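Shown next, in structure tokens, is the structure this report addresses.
The values are calculated or read from the model by the stated rules, or taken from the named source; none is laboratory data. Note that this is a predicted model, so its numbers are computed, not measured. So basically every Cβ, Gly included, is an ideal-geometry build from the backbone, and we count neighbours across all protein chains shown. Heads up: the accessible areas ignore ligands, DNA and RNA and are worked out on the full protein's heavy atoms, side chains in. Shrake-Rupley method; radii C 1.70, N 1.55, O 1.52, S 1.80 Å.
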Amino acid sequence: MSTPSTGAAGTNPARPSAGAEPAEASAPRSKLGEYIFAGLALALGIFVFVGAFAIRLPTSGTQVGPRVFPFMVGTILVISAAMVIIDIARGKLGDLEEGEDVDTHAKTDWITLAKIVAFVVAFIALLEIIGWPFAAAILFGGVAWSLGAKRWWVALLVGLALGFVVYIVFGGLLGLSLPPGPLLTWLDPLLQTLRG
């Protein structure tokens, strides 16, 4: 009965040594993707922060002005993105996904990404024209459809309901100036009542 051949050190060459690492784990990782992500977050934060100055302030004094929330979001985005960029420069990269159902070799679905970007652009373009709740419904339903939702009309209705809730809570209780659009002028008395 023959025995399997061994290498010079007396080990089976077909079996990797205990201290050997997989080639995929030892391969150098690119920082480009993480720099792009952090750069986009930084640009978005600056865009939100600068855009907050274009928000019209209401004539009546309110405790929470309409610029507070955008300033907070923009500041958080800028600080977080700057910290991520610093960590990347120091060599601290994000952990690789180790989920069993994730294909690390799968390519980016650029068509889905383009759909989501298109719906975000449509949301920005339609915000002043049709009002916050309807633009939010289009964004919510469109992104859900882009990500594979089969019942997109349910996502559209959920987005419309969330849009109305946000519009009434933030526009009425907090006094933020969200665009109502020509179809929601009948809600002005309700918002004024909520503002007191």
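Identify, by number, the condition in (1) at pLDDT 75 or above; (2) exposed (fewer than 10 other Cβ atoms within 10 Å of the Cβ); (3) within 18 Å of Ser177 (Cα to Cα); (4) not aromatic (Phe, Trp, Tyr) that Ala52 doesn't meet. For Ala52, the exception is condition (2). Of all residues in the range 126-156, exactly one satisfies the criterion of being small (Gly, Ala, Ser) and surrounded by fewer than 11 Cβ atoms within 10 Å (Cβ to Cβ), namely Gly148. Look at the range 33-44: where a residue is under 15 Å from Met83 (Cβ atoms) and a partner is surrounded by 14 or more Cβ atoms within 10 Å (Cβ to Cβ) and polar (S, T, N, Q), sitting 6+ places away or on another chain with Cβ atoms under 8 Å, you get Ala41/Ser80. Of all residues in the range 94-116 being closer than 17 Å to Ile36 by Cα and open to solvent by 100 Å² or more (accessible area, probe 1.4 Å), which is modelled with the highest pLDDT? Selected residue: Trp110.
The one condition from (1) more than 23 Å from Ile55 (Cα to Cα); (2) open to solvent by less than 60 Å² (accessible area, probe 1.4 Å); (3) not in a helix (DSSP H, G or I) that Pro180 does not meet is (1).
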